[in-house]
Amino acid sequence: MTKTTALRLSPHELDEQRRGGRITIIDVREPMEYVGGHIPGSRNIPLNHLAKAPMPDGPLVLVCQSGARSERGITSLMGRGVSTTGGGLADLEGGLIAWQAAQLPLERRKGAPLPLMRQVQIVAGTLVLSGVLLSQLVAPGWIWLSGFVGAGLMFAGISGFCGMARLLAAMPWNRVTV
């Protein structure tokens, strides 16, 4: 895969253009991430839907958490023939992490679920603590619960696949519509 040649905007450049109403901002994160905090006025089109979604006319800026998914989105749109000349297609440099570091405004939906990784940390921590306590108070074999969770976290870190995150993402409280 070749590196994209799209324009990269700093958070302050994007904010200036956003306030001027001259661009369309497309957030390529998943809906659950989007409702947890997004750039005011942005539209949510998850990366896996971007290739087939109709694109509005005019300049587009893609945004994600760190910039990796938006860069993949730009590559996808360039493959569809969306132009990168004249500011037609751009990327937010550093993603929402840089946007927040610049202390620019975010919109959050009231009652949005906790970020998925925080949910994983809460559940994993609860299971490890439960395994330790149960092994001391009920039966020594419960310590294997802690070992199982630790092995799962290690596997997730090495492989990039987190079964617990996938399971939590499917829970009813994490189903959001944008």
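The table below gives the values:
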quantity	calculated
Lone qualifier among Leu134, Leu96 - being assigned by TED's automatic domain parsing to the domain that holds Asp15 and part of a helix (DSSP H, G or I)	Leu96
Among residues of segment 124-178, those that are at positive phi and either in contact with a Phe, Trp or Tyr (Cβ under 9 Å, 6 or more places away or on another chain) or of a type in the set (A, V, I, L, M, F, W, C) (or both), counted	0
Filter result (among the aliphatic types (A, V, I, L, M) and at pLDDT below 95) within segment 29-44	Met32, Val35
Count of residues meeting criterion [outside any loop (DSSP other than H, G, I, E, B), surrounded by 13 or more Cβ atoms within 10 Å (Cβ to Cβ) and in contact with a helix residue (DSSP H, G or I) (Cβ under 8 Å, 6 or more places away or on another chain)] in segment 99-118	2
Matching residues, segment 18-73, being small (Gly, Ala, Ser), without any contact (Cβ under 8 Å) to a residue 60 or more places away in the chain and on the phi < 0 side of the Ramachandran plot	Gly20, Ser42, Ala51, Ala53, Ser66, Ala68, Ser70, Gly73
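Results for (1) of a type in the set (Ser, Thr, Tyr); (2) free of Cβ contacts under 8 Å to residues at least 40 places away in the same chain; (3) in a helix (DSSP H, G or I), shown as yes or no for each residue.
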residue: Val120; (1), (2), (3): no, no, yes
residue: Ser130; (1), (2), (3): yes, yes, yes
residue: Phe155; (1), (2), (3): no, yes, yes
residue: Ile158; (1), (2), (3): no, yes, yes
residue: Met164; (1), (2), (3): no, no, yes
residue: Val176; (1), (2), (3): no, no, no
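The values are calculated or read from the model by the stated rules, or taken from the named source; none is laboratory data. Since the model is a prediction, treat every value here as computed from it, not as a measurement. Don't worry about glycine lacking a Cβ; one is built from the backbone with ideal geometry, like all the others, and counts go over all protein chains shown.
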